[in-house]
Amino acid sequence: MEIAKMNFKKTSIACSVAAMSLALISCGGDSGSQDSGANSSTSFTGLVVDGRIANGTVWVDLNDNGAIDSFEPYANTDEDGYFSYRPAIGTEEAINYCQLDDSPYCLNTAAVQTSAKIKIAGGTDLDSGEPFYGIMSQNVTKAQAEEYASGSRVPMLSPLTSLGSSLTDAQLKTLLVTLGAMTSTDTLSTILETDFSDRDGMTTEEATTKEKLFKVAYRLQKVIDSIAVILDAAADEAGIELGLTSDDKPGVKSTSEFVAVALAEALNGDNSSVTASSLDALDDDDLTAIADAALDKFAEKYASLDDSESAASVKAKFTNVVTLDDVGDVADTVDSSVKSSTGSLDFTSTSLESAFKKAVVKSETVLAQTKTQSKDIAKGTSGAKATVTTVSQNVESANFNTALDAAITDSNVDGVTIDVGLLAKDVESKSSTDSYTSSVSDSTLADVPDSLWANRFLAMSGVDDASNSASEKGRVIFFFSGETDSATKGSVDVCYAFDSGVGSSDDDQLGSMQGSTWSKISDGVVQVTTSYGSFQIKAYRVEAVASGDQSQYLGLGTAGSPGTGDYGKFLFSSEAFDQNATWYSDFSGDSTDTTFAGWGLRTATSVPKSDSACKTFGFTDGSTTYNNVLTTNLTITE
């Protein structure tokens with residue numbers, strides 16, 4: 001199976017290769033602030049739900065520019081999606097993160113006097129296991145935040161609150177009633193505070209309420225994602241750098257929040273080009289009009305942050321690249337697939353969890369194909385749009401559903417993680433009459449030991465083409481710490497190096513990051529969260545490097561020549577890459593060894609804590625000593 005090659009964006013390593021960052025902040029700026037020591041400070045609490053978003057970055061966007069400025073407070077969501085206050089869960093006691101010293105999960109500031117807009121970007125959707133795309137938002141008053149801080153109620157930050165960010169409460173309630181998410185007798189605040197991601201121990205009434213909320217919220221977010229991912233790709237093709245203005249100031253990170261506003265206004269009847277008032281009534285023309293309105297809003301905001309641009313010039317750059325009819329067509333395909341996959345879910349069923357996971361896998365596979373093809377769709381490349389249609393049709397085929405039913409059952413549902421990016425790539429090449437058994441099994445991540453990550457280090461590397469000296473190549477070393485060897489979270493120190501292949505000191509990078517965190521999301525998947533953003537590492541399998549992939553092998557021996565040994569194969573993803581990247585462990589593994597060593601991870605006697613220590617880090621593996629591991633087979637011009 002061909003795996004997507006790494007493809008570094010041409011940004012500084014701290015915002016791409018090493019941090020695999022979401023470019024949430026300026027690489028040259030301060031990493032944000034918490035002023036929890038101020039007497040007048042306010043803690044903003046919440047739970048982020050699409051599925052629950054773990055290890056995302058929440059921040060108070062004081063100037064509403066869609067980026068984290070150096071003066072804006074930010075925090076991470078914890079492993080279950082909470083920030084600032086985590087209520088009691090089972091036998092675990094409640095935690096007020098803002099009463100702990102230097103907690104990364106406390107969002108606290110004295111800068112808000114009346115109201116604030118809280119936003120989320122990055123992190124991992126625990127329902128799908130995939131990185132969360134785009135931005136969601138929530139309007140919160142200081143008085144509400146102070147009430148929520150006691151923990152008696154936990155507000156949701158969700159697609160529903162994003163929908164309401166540009167509407168009055170009355171308009172939002174009317175819209176949610178129309179969409180079928182609530183009844184006219186329901187209280188809006190109660191509905192917005194309902195955690196529809198918590199499906200344990202529901203009464204029949206709770207199941208009915210949460211089913212309605214999930215189906216509406218999930219469809220809304222996937223419509224937003226399908227439009228935003230193509231518009232964001234068009235921005236890149238048009239030379240508009242998301243996350244930064246032309247003078248390198250923090251700027252709008254994604255078109256996502258503008259799509260959310262445009263969608264809300266359209267469904268509220270505020271867009272004369274959209275006749276639909278419900279999700280089911282939306283067609284491709286309506287979605288094209290929504291994409292156009294979102295682009296207008298983005299262009300206006302971008303121009304307000306960049307003196308060298310006008311709203312008209314920004315939009316012209318987009319429309320010179322992308323055909324908005326294509327955006328509407330793809331969004332319509334994705335929405336139809338999501339409706340088909342999730343529409344029959346019954347939250348009162350005893351087989352809900354397996355049915356739920358299969359529905360999410362099908363929906364996310366179509367969206368993954370949209371993301372993979374987003375640049376080609378934006379450019380109007382022949383056939384790109386059709387591949388999304390092909391995948392959407394194939395995941396609804398009887399043969400695909402048979403394979404999925406065999407892979408995900410009531411008894412194993414918690415232990416199965418399917419990488420939808422890999423699955424989409426294979427599904428694209430098939431027809432509805434083909435067998436999908438191998439497609440599903442080959443896309444299922446490994447069942448790894450609990451002790452794979454904690455107190456180990458992983459050195460992994462990759463190259464576009466080892467036979468080409470000018471090819472981009474890089475290495476990242478992660479030193480995972482934990483309270484025990486079977487810990488599922490802890491701190492992580494990172495060493496990184498990037499060789500641009502062109503011998504330019506402006507492009508080559510070498511450095512380190514300390515104080516980052518990691519947590520296990522599911523079997524074989526960890527999320528690493530840094531001050532610059534977050535990314536995923538997925539343990540795929542241990543294998544000898546296939547002959548077709550050897551040109552992408554860097555390693556510590558001869559680049560491009562891994563020999564017959566086994567290596568741990570890892571997928572990782574972030575917006576630093578155009579596609580998911582596949583790198584191999586630098587130290588050999590063993591497909592018959594189920595311990596951490598079998599995956600190529602090792603135990604370090606000391607952890608480098610500086611750029612210079614990273615550069616000279618060495619390790620003895622058995623009888624072989626490796627010096628300067630970070631820069632082996634790289635040429636770094638500093």
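The values are calculated or read from the model by the stated rules, or taken from the named source; none is laboratory data. Note that the structure is a prediction, hence the values are computed from the model and not measured. Positions of Cβ are generated from backbone atoms using ideal geometry, with glycine treated the same way; all protein chains shown enter the neighbour counts. Accessible surface is based on the protein model in full, side chains and every heavy atom, while ligands, DNA and RNA are left aside. Shrake-Rupley method; radii C 1.70, N 1.55, O 1.52, S 1.80 Å.
So here's what we get for this one:
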item: Residue that is surrounded by fewer than 14 Cβ atoms within 10 Å (Cβ to Cβ) and in contact (Cβ under 8 Å) with a residue 60 or more places away in the chain, where the choices are 421, 415; result: 415
item: Within region 37-53, tally of residues that are more than 10 Å from residue 197 (Cβ to Cβ), modelled with pLDDT of 90 or more and either within 13 Å of the chain's Cα centre (by Cα) or assigned to a loop (DSSP other than H, G, I, E, B) (or both); result: 2
item: Residue, modelled with the highest pLDDT, within region 277-300, restricted to residues that are among the charged types (D, E, K, R) and over 23 Å from residue 315 (Cα atoms); result: 283
item: Helices (runs of 4 or more DSSP H) contained entirely in region 345-463, each with at least 3 residues that are within 25 Å of the chain's Cα centre (by Cα); result: 352-372, 374-379, 384-394, 420-428, 437-442
item: Qualifying residue in region 183-190 (condition: assigned to a helix (DSSP H, G or I), surrounded by fewer than 21 Cβ atoms within 10 Å (Cβ to Cβ), out of contact with any Asp or Glu (no Cβ under 9 Å at 6 or more places or on another chain) and without any contact (Cβ under 8 Å) to a residue 60 or more places away in the chain); result: yes
item: Qualifying residue in region 165-172 (condition: open to solvent by 10 Å² or more (accessible area, probe 1.4 Å), of a type in the set (A, V, I, L, M) and under 22 Å from residue 343 (Cα atoms)); result: no
item: Filter result (small (Gly, Ala, Ser) and either part of a strand (DSSP E or B) or under 30 Å from residue 446 (Cβ atoms) (or both)) within region 111-143; result: 115, 116, 121, 122, 123, 128, 129, 134, 137
item: Subset tally (residues that are of a type in the set (Val, Ile, Thr) and out of contact with any helix residue (DSSP H, G or I) (no Cβ under 6 Å at 6 or more places or on another chain)) for region 410-428; result: 2
item: Matching option when the condition is open to solvent by 20 Å² or more (accessible area, probe 1.4 Å), charged (D, E, K, R) and free of Cβ contacts under 8 Å to residues at least 12 places away in the same chain, among 146, 211, 206; result: 206
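Per-residue answers, yes or no, for (1) in a loop (DSSP other than H, G, I, E, B); (2) in contact with a Phe, Trp or Tyr (Cβ under 8 Å, 6 or more places away or on another chain):
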| position | (1), (2) |
| --- | --- |
| 223 | no, no |
| 231 | no, yes |
| 252 | yes, yes |
| 266 | no, no |
| 276 | yes, no |
